Amino acid sequence: MSVGIDQVHVYAPQLALPLPALAAARGVAPEKLTLGLGVQAMAVTPACEDVVTLAATAAARCLRAAGVDPRTIGLLVVATETGVDHAKPVGIFVHELVGVGPHCRVYEVKHACYGGTAALMLAADWVRAHRTQARRALVIASDVARYAIGSPGEPTQGAGAVAMLVGPTPRALFLAEESGVHAANVYDFWRPLDRREALVDGKYSIDCYLDALASAFRSCRRLERPALEDGEGLLDRLARILYHTPFPKMAAKAHRRLLELERGSVTDADYEASYHALVAPGLTGVAQIGNTYTASLYVCLATLLEDEARVLAGRRIGLFSYGSGCCAEFFTGTVPTGAVAIGPTGVRETLARRTLVDVPAYEELLRHGERGGEPPADFAGDFVFRGIRNDRRMYAPTREVLAA
Ligand code: COA
């Protein structure tokens, strides 16, 4: 049975901080952030948005784009590492806001940035397990990436959500059944229960990421069918590769590691050519939105499908997911010949509606967090976080959504 992603849709907050402005405020060269990390801007969450409104907006637009009745969804899983309650899952708010019916499993999964892939894989298995019935799952990855002001992680923040409809005979990406995984207990990035911002051992997290990549990739290569010929690499069978991208330079480092793994050594010219052909096309969205933790890899997928679905029709791509802590997976998928039919995936729309903010405005928003409130006049989302009353979080559709 062919299972995969039927539709994918991205939504990120419309406020964005240009990284050269952050560099100037922190007294570092702008090139360190724009070239050294590869980030041009990062999305900043306004007071009226949080992981719930991000997830619900992405989900509602995903279902609309696919023409799917929300009441037919049988499984709703939200992956996040910045959830809003220790017990109540983000998904149950989304369930109400987008109108999913009562006969649906709803829950949240967590393993740092790997959570989105964990949710996608379990949804795919859930679809495969019911061969006689065509069932659809809604998987959402939603996060607000936060590091302390002035810390090395500060330029690698961002926010956004990706919703994916998972089902049989997908229109966006067929998922291969075999993949390579890697897990190990490491303390590279974590967020104790009482903290808003993550703690990170930045350089160590890069080493953990690259080690997990090598291990998961080797495992995927061993499981490859038909088996690789002598001298053939798995990369030779892939038209594009998407990596978990906390900042675009991480994807560049990852790609160099894979090339070295497959070819022994690699010249700078070979690396540049391979990076520009296989990796760079997927990175334009994340370079402008920043880190979205669980959603990051899938922002890259949405970018690729929006820009290149026609070119990639019938071709196979590789995807690498990494979550600190850690768990990682290297898997592949094939772009169906009908992929052009999924149309826009929200990346261009998100970037076209942006309002740039300065450093004082960004710091003010970060210090106060998402406390809820009225949306700004030009608000781009479908749902608003109104605030907390009697320890209960209050959400509502915007007037425009109610009127539609
Ligand atoms: N022009 C161009 N590049 C410059 C530069 C300049 N003026 N100044 C520095 N750079 C480059 C550095 O050479 C480095 O590139 P390299 O890694 O390819 O050598 C890059 O900019 C970053 O500089 P560095 O000194 O390493 O930055 P940092 O110590 O401030 O921290 C991270 C970088 C990624 C460790 C930090 O942002 C972080 O902790 N992020 C969160 C954790 C994370 O995302 N981990 C990823 C795996 S999950």
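The values are calculated or read from the model by the stated rules, or taken from the named source; none is laboratory data. It should be emphasised that the depicted structure is a prediction, and the values quoted were computed from it without experimental measurement. Don't worry about glycine lacking a Cβ; one is built from the backbone with ideal geometry, like all the others, and counts go over all protein chains shown. Calculation scope for accessible area: heavy atoms of the full protein, side chains included, ligands and nucleic acids excluded. Shrake-Rupley method; radii C 1.70, N 1.55, O 1.52, S 1.80 Å.
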Stick to the Cα atoms of the stretch 3-403, pair each with every other, and give me the Kirkwood hydrodynamic radius in Å at one decimal. 21.0
Pairs of Lys in the stretch 3-403 closer than 28 Å at Cα, counting only those 8 or more apart or on different chains: 9
Quick one: grab the alpha carbon gyration tensor of the stretch 298-391, order the square roots of its eigenvalues as a ≥ b ≥ c, and give me rounded if a/c is under 1.5, else prolate or oblate depending on whether a/b is larger than b/c. prolate
So, in nm, how far is label Thr72 from label Glu400 when the simple model puts each one 7 Å beyond its Cα toward the Cβ? 2.7
Count charges around Thr294 for me, please; just the other residues with Cβ under 11 Å from its Cβ, Lys/Arg as +1, Asp/Glu as -1. -2
For the stretch 351-404 and the stretch 165-207, what is the centre-to-centre distance using only Cα atoms, to the nearest Å? 27
For the stretch 93-232, just say rounded, prolate or oblate: build the C-alpha gyration tensor, square-root its eigenvalues into a ≥ b ≥ c, call rounded for a/c under 1.5, and beyond that prolate if a/b exceeds b/c, oblate if not. oblate
Order of 305-313, 33-41, 99-107, 229-237 by packing, highest average Cβ count within 10 Å first? 33-41, 305-313, 99-107, 229-237
Sequence of Met250, Met394 from largest to smallest accessible area, 1.4 Å probe: Met394, Met250
With a ≥ b ≥ c the root eigenvalues of the C-alpha gyration tensor of the stretch 157-237, is it rounded (a/c under 1.5), prolate (a/b larger than b/c) or oblate? oblate
Suppose a student asked you for the relative contact order of the chain, using Cα pairs under 8 Å spaced at least 6 residues apart; what percent would you report? 26
